[in-house]
Amino acid sequence: MAQIGLAVHGGAGTIPAQTLRPEVADALHEGLRAALAAGLLVLKAGGPALDAVCAAVMVLEDDSQFNSAHGAVFTAAGRMEMDAALMEGHGRRAGAVAGICGPRNPILAARAVMEASGNVLLIGQAAEEFARAEGLVFMDEAYFSTPSRRAALALELARRASGAPDTRSDADRHG
Amino acid sequence: TVGAVARDQAGHLAAGTSTGGLTAKRPGRVGDTPVFGAGTFAEDASCAVSATGTGEVFIRFTAASEIAARVKYAGQSLEQAAFEVIAELASEGGDGGLIAIGAHGPAVMPFNCAGMYRGCIGADGSLLTAIH
């Protein structure tokens with residue numbers, strides 16, 4: 001029997017140590033621990049790595065602190081476009097979705113693509129329709145947005161309009 | 001962007017990544033998350049990887065499969081391959097980090113920016129999390 005293993009991430013960037021308030025840091029640690037606990041439960045019960053990964057990612061998708069699903073950032077057009085991917089090392093099965101907004105857990109849409117579409121990657125509205133046909137839970141757009149992400153968009157668009165230099169790191173923009 | 005990598009009792013690996021993209025991105029822009037071999041990858045013979053950062057660079061340099069190739073063909077440890085690839089990406093403008101796990105041993109979580117929200121389970125089952 002192999003030794004089980006699990007890791008999670010919630011994004012990277014210039015996370016300012018000096019201004020990260022203790023209560024904010026504590027909440028982030030708590031969110032990461034909740035994801036680990038969900039994945040570990042599956043692995044300890046002898047479940048497959050695929051299920052453990054889905055369980056952990058779903059916890060992070062449901063947590064508005066992290067940039068995915070509930071808490072996703074906005075595009076320049078003020079909409080949200082989410083991407084998700086899942087791959088299994090045993091046989092290299094893979095499924096992904098891109099440019100979607102609707103499924104509460106995009107990682108489950110990626111899994112549906114892997115298990116039920118015969119494809120590897122589906123995009124946009126057709127991917128949303130496929131996920132709906134597979135019975136996934138959908139949410140209104142309002143569920144995914146948060147005031148802090150909307151404020152970040154307004155700030156970035158104002159910066160672009162003013163021509164001020166972009167001082168954020170790439171990881172910040174992407175993380 | 002969020003992600004997870006796992007190894008189960010049968011020794012099988014898996015990787016998953018999910019993202020909202022980047023703030024004020026061009027509509028239609030897709031980063032490395034759904035590009036297999038860039039932001040997400042899993043192969044029992046080498047490793048499982050989930051990345052977060054400058055998607056365009058992680059795609060162009062096929063970050064995840066680069067790590068897998070070094071493990072499989074160059075005989076590098078997962079730690080050496082992952083840390084070297086992340087360091088090389090930094091010099092190409094690829095800020096960010098990744099988590100990876102192999103057929104044996106602990107997960108690795110390298111990053112080349114100030115911090116990465118990350119966590120893993122220790123050998124004793126403890127939940128370890130970090131930011132910087």
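The values are calculated or read from the model by the stated rules, or taken from the named source; none is laboratory data. Quick caveat: nothing in here was measured; it's all calculated off a predicted structure. Note that each Cβ is placed from the backbone with ideal geometry, even for glycine, and that neighbours are counted across all protein chains shown.
The residues listed here are A:GLY124, A:GLY118, A:GLY91, A:GLY95; of these, the one that is under 17 Å from B:GLY28 (Cβ atoms) and free of Cβ contacts under 8 Å to residues at least 60 places away in the same chain is A:GLY124. Report whether or not A:ASP63 is modelled with pLDDT of 95 or more and surrounded by fewer than 24 Cβ atoms within 10 Å (Cβ to Cβ). Spelling it out, A:ASP63 is indeed modelled with pLDDT of 95 or more and surrounded by fewer than 24 Cβ atoms within 10 Å (Cβ to Cβ). Is it the case that region A:109-124 has a residue that's buried (at least 22 other Cβ atoms within 10 Å of the Cβ) and within 9 Å of chain B (Cβ to nearest Cβ)? Yes. For region A:1-35, the set of residues classified as in a helix (DSSP H, G or I), in contact with an Asp or Glu (Cβ under 9 Å, 6 or more places away or on another chain) and at pLDDT below 95 is empty.
One line per residue, one yes/no per condition, for (1) farther than 25 Å from A:GLY91 by Cα; (2) touching a Phe, Trp or Tyr at 6+ places or on another chain (Cβ under 8 Å); (3) surrounded by fewer than 24 Cβ atoms within 10 Å (Cβ to Cβ):
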position: B:THR40; (1), (2), (3): no, no, no
position: B:ALA51; (1), (2), (3): no, yes, no
position: B:THR54; (1), (2), (3): yes, no, no
position: B:ALA87; (1), (2), (3): yes, no, yes
position: B:GLY93; (1), (2), (3): yes, no, yes
position: B:PRO106; (1), (2), (3): no, no, yes
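State yes or no: is A:MET58 farther than 17 Å from B:GLY21 by Cβ, modelled with pLDDT of 95 or more and in a helix (DSSP H, G or I)? Criteria met by A:MET58. For region B:27-44, the criterion of being β-branched (Val, Ile, Thr), in contact with a helix residue (DSSP H, G or I) (Cβ under 6 Å, 6 or more places away or on another chain) and not in a loop (DSSP other than H, G, I, E, B) is met by no residue. Listed by first and then second residue, the pairs with beta-carbon distance under 7 Å, at least 6 apart or on different chains, first residue in region B:16-29 and more than 7 Å from chain A (Cβ to nearest Cβ), second at pLDDT 95 or above and part of a loop (DSSP other than H, G, I, E, B), are B:ARG29/B:GLY21.
Looking only at residues of region A:36-52 that are at the interface with chain B (Cβ under 7 Å from one of its Cβ atoms) and part of a helix (DSSP H, G or I), we find that the one that is farthest from A:GLY10 (Cα to Cα) is A:LEU43. State all residues of region A:67-101 that are under 21 Å from B:ALA100 (Cα atoms), part of a loop (DSSP other than H, G, I, E, B) and among the small types (Gly, Ala, Ser); if no residue qualifies, say none. Selection gives A:SER68, A:GLY89, A:GLY91.
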